[in-house]
Amino acid sequence: MTTWLNMSLQDGASPIMEQLVFFHDHVLMIMLMITTTVSYMMITLIRNKQTSRFMLEGQMIETTWTIAPAIILVFIAMPSLRLLYLMDEVHNPSLTLKAVGHQWYWSYEYSDFTKLEFDSYMIPQEEQQESTFRLLDTDNRIVLPMNSPIRMIVTAADVLHSWTIPSLGVKTDATPGRLNQTSFSISRPGILYGQCSEICGANHSLLPITIESVPAKYFINWVSKMSE
Ligand SMILES: [Cu+2]
């Protein structure tokens, strides 16, 4: 989750998010390069009073500054497309989780098991404890096994919502009458936080998402306890 003085993106908890952070830094470096060059050129133009009566055109420099940006764009587009298609791929998932957005709570269905479903409400301010985060913690956390490919199915029951976990690089719209699919695998144990990312109505801020990422054997224990 985001903590105080935490700038930029959260640490990646999935391989895709790690790649997204690297891509973000890569593009930032290219931007830095362009900004430096352009501001250097603009400042020299302003400060320089020399003019030339005979220099009306420069074919060479014009060709260069047309082609150079096109080449730079290729260096952004290629890794960007690579990531886009990697995120789109569903790699033979070992578990499917369905999230349904409601006004105002999320409900979850573990479709691989019978009768494993629950609602997940935000913990109200009066019931906060030392260990919970205000507006971020839920009464029922999603429990998921780490290091296993997970398929998310996202939909809504009333209005548009959006199921989002920044540290997993996942943001999927929850649309009534539609099933949206995404996939991820969590690379470490821990608790991951997210919030609804679609302006869904009055209590939009009361739609947090909490994932408890645990080793597979703990997950199996949890499943057998839940479906008793
Ligand atoms: Cu919302």
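Along the chain, the exposed loop sites are chymotrypsin sites (Phe, Trp or Tyr not before Pro) outside DSSP states H, G, I, E and B with at most 12 other Cβ atoms within 10 Å, and the longest stretch free of them is 55-228. Of the GluC sites (Glu not before Pro) found in the range 1-93, those that fall in a DSSP loop while having at most 13 other beta-carbon atoms within 10 Å are Glu57, Glu89.
Annotation: amide H-H contacts under 5 Å for Arg188 (H modelled 1.01 Å from N, sequence separation of 5 or more, or interchain): Asn147.
Each residue of the range 118-127 was assigned a 3J(HN,Hα) from its phi angle through the Karplus curve 6.51 cos²θ - 1.76 cosθ + 1.60 (θ = phi - 60°); the sequence is 7, 9, 10, 9, 5, 6, x, 4, 5, 9 Hz, with glycine and proline shown as x. Within the straight-line cut-off of under 28 Å between alpha carbons, the lysines reachable from Lys98 are Lys115, Lys171, Lys217, Lys225, sequence neighbours fewer than 8 places apart in one chain being disregarded.
In order along the range 45-52, phi translates into HN-Hα couplings of 4, 5, 7, 8, 9, 6, 10, 10 Hz, rounded to whole numbers, per the Karplus curve 6.51 cos²θ - 1.76 cosθ + 1.60 with θ = phi - 60° and x for Gly and Pro. Annotation for the range 117-189: trypsin sites (Lys or Arg not before Pro) lying in DSSP loop with at most 14 further Cβ atoms inside 10 Å of their Cβ are Arg134, Arg178.
Structure remark: mean-square fluctuation, Gaussian network model of the chain, C-alpha springs under 10 Å; the largest value among Leu206, Leu28, Leu135 belongs to Leu28.
The phi torsions of the range 199-205, fed into the Karplus equation with coefficients 6.51, -1.76 and 1.60 and a -60° offset, translate into couplings of 5, 9, x, 4, 9, 3, 6 Hz, rounded to whole numbers, with Gly and Pro shown as x. Around the Cα centre of the chain, unit charges on the Cβ atoms of Lys, Arg, Asp and Glu (plus for the first two, minus for the last two) sum to a dipole of about 780 debye.
Measure off, as a whole percent, the carbon and sulfur share of the 1.4 Å-probe accessible area of the chain, all protein chains present.
C and S fraction of accessible area: 61 percent.
Against the chain, whose longest principal axis comes from its Cα atoms, helix 216-226 is set at around 40 degrees. Each Lys and Arg contributes +1 and each Asp and Glu -1, all at the Cβ; summed about the Cα centre of the range 95-227, the dipole is approximately 520 debye.
Surface exposure of the range 95-227, expressed per residue as accessible area with a 1.4 Å probe, stands at 48 Å².
The values are calculated or read from the model by the stated rules, or taken from the named source; none is laboratory data. Keep in mind that what you see is a predicted model, and the values were worked out from it rather than measured. When we count neighbours, we look across all protein chains shown, and the Cβ atoms used for this are built from the backbone with ideal geometry, even at glycine. The area values use the complete protein model at the heavy-atom level, side chains included, leaving out ligands, DNA and RNA. Shrake-Rupley method; radii C 1.70, N 1.55, O 1.52, S 1.80 Å.
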